[in-house]
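Here is the structure we will look at, set down as C-alpha cells.
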Amino acid sequence: MAKKLFDFIVFDWDGTLMDSTATIVKCIQAAAKDLQLPVPDDVAAAHVIGLALADAMQAVLPDVDPKYYPKMIERYRYHYLVRDHELPLFPGVKEMLSDLAQQGYFLAVATGKSRVGLNRAMNSVNVLSMFDATRCADETFSKPHPAMLQELTRELGQDMQRTLMIGDTTHDLLMAANAGAGAVAVEYGAHDVSLLATVPTLYSAKNVLDLHQWLTENA
C-alpha cells in the first residue's frame, strides 16, 4: 500500500505504547509520601507524565523547597524500578508496529523517560528491534521543546512535514506543533480528552485498534 501523508511515525512511550500511566501516578504519590510532602492527586500526577523527570517533579510540586526535587526523583525511581518489569504494552501495539514497519514507515520513540529507563522497558516487552531510532529526555531538551523530533528527523534523513507524532499528552502534541510535524492524540493515556482537545491534531484515537485503523487508512 502506498504511503499517503507520512514516511516517519514517532510514538511517545508511557501512556501511548506502554500501559504505565497508573503505575507512574502511584510512584509519584509514593515518593511524595516517603518525604512527607503534599501528595498530588491522580490528575496532577498524571498531568506531568511525559516531561523529563526533573521537570515533572518541579511541575507536580511547585511550592516545595527545591532541595526536595532530587530526593523526589530518587524515591520515584525506587518505587518505579520495583514495578517496571511487570508493565505491559497496550493490546494491539505489537501488531500495529509490525504492520507499520511492513508498510515501509520509519518508526521512532520520543519519550520523557531516561535512556536507561527506555532501554529497560523496550527490552522487557521485546520491541527494541522494531524502531529505527529513539530519543530520551536525558539526551536533549524535554517536551514540548521540538528538539527530540528535530534530532530524530536529522538522524534518519526524514522530512519534518512528512513526520507524524503520536502521544497521550499535550506535551507530545505541542512538541509536534513546535517542530512543524503532524500530530495524533490518543485518549487512553495520561491526559483527559478535554485537555488533549486544546491542541489541534489530525485525529484523536480512542484505543490502539482505532489508532491502527486510522494510520492504515490515512497516514
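This table checks each residue for (1) among the hydrophobic types (A, V, I, L, M, F, W, C); (2) in a loop (DSSP other than H, G, I, E, B); (3) modelled with pLDDT under 95.
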position: 155; (1), (2), (3): no, no, no
position: 161; (1), (2), (3): no, no, no
position: 166; (1), (2), (3): yes, no, no
position: 174; (1), (2), (3): yes, no, no
position: 191; (1), (2), (3): no, yes, no
position: 204; (1), (2), (3): no, no, no
position: 210; (1), (2), (3): no, no, no
- request: Test each condition in (1) of a type in the set (A, V, I, L, M, F, W, C); (2) in a helix (DSSP H, G or I); (3) touching a strand residue (DSSP E or B) at 6+ places or on another chain (Cβ under 9 Å) for residue 184 and report the one that comes out false.
  value: (2)
- prompt: When you go through 10, 60, 48 one by one, which is the residue that is touching a residue at least 24 places away in the same chain (Cβ under 8 Å) and closer than 19 Å to residue 140 by Cβ?
  reply: 10
message: Please go through (1) part of a loop (DSSP other than H, G, I, E, B); (2) surrounded by fewer than 17 Cβ atoms within 10 Å (Cβ to Cβ); (3) of a type in the set (Ser, Thr, Tyr) for residue 129 and return the number of the only condition it doesn't satisfy.
response: (1)
task: Tell me which of these residue 178 doesn't satisfy, since it passes every other one: (1) in contact with a Pro (Cβ under 8 Å, 6 or more places away or on another chain); (2) crowded, with 22+ Cβ neighbours inside 10 Å; (3) of a type outside the set (Phe, Trp, Tyr).
output: (2)
message: For the range 132-153, give me each residue that is exposed (fewer than 15 other Cβ atoms within 10 Å of the Cβ) and either in a helix (DSSP H, G or I) or of a type in the set (Gly, Ala, Ser) (or both).
response: none
- line: Filtering the range 72-98 down to residues that are surrounded by fewer than 17 Cβ atoms within 10 Å (Cβ to Cβ) and not small (Gly, Ala, Ser) yields 73, 74, 78, 81, 82, 83, 85, 86, 88, 91, 94, 95
task: Please state which one of 97, 89, 118, 149 is among the aliphatic types (A, V, I, L, M) and either modelled with pLDDT under 95 or out of contact with any helix residue (DSSP H, G or I) (no Cβ under 7 Å at 6 or more places or on another chain) (or both).
output: 118
statement: Log entry, pairs with first residue in the range 155-175 being more than 15 Å from residue 16 (Cα to Cα), second being in a loop (DSSP other than H, G, I, E, B) and among the acidic types (Asp, Glu), beta carbons closer than 8 Å, six or more apart or on different chains, reads 156/132; 158/7; 159/7; 162/7; 163/7
- prompt: Can you name the residue in the range 99-122 that is more than 16 Å from residue 152 (Cβ to Cβ) and touching a residue at least 60 places away in the same chain (Cβ under 8 Å) and, of all such residues, is surrounded by the most Cβ atoms within 10 Å (Cβ to Cβ)?
  reply: 121
field: Residues (of a type in the set (Asp, Glu), in contact with a helix residue (DSSP H, G or I) (Cβ under 9 Å, 6 or more places away or on another chain) and surrounded by 16 or more Cβ atoms within 10 Å (Cβ to Cβ)) located in the range 35-71
entry: none
- request: With the checklist (1) at pLDDT 95 or above; (2) under 30 Å from residue 154 (Cα atoms); (3) surrounded by 24 or more Cβ atoms within 10 Å (Cβ to Cβ) in hand, flag the one item residue 31 doesn't pass.
  value: (2)
statement: Among residues of the range 193-202 being open to solvent by 40 Å² or more (accessible area, probe 1.4 Å) and either in a helix (DSSP H, G or I) or of a type in the set (S, T, N, Q) (or both), the residue nearest to residue 88 (Cα to Cα) is 193
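The values are calculated or read from the model by the stated rules, or taken from the named source; none is laboratory data. Since the model is a prediction, treat every value here as computed from it, not as a measurement. Reconstructed Cβ throughout: ideal geometry from the backbone, glycine too, with neighbour counts over all protein chains shown. With ligands, DNA and RNA removed, areas are computed over all heavy atoms of the protein, side chains included. Shrake-Rupley method; radii C 1.70, N 1.55, O 1.52, S 1.80 Å.
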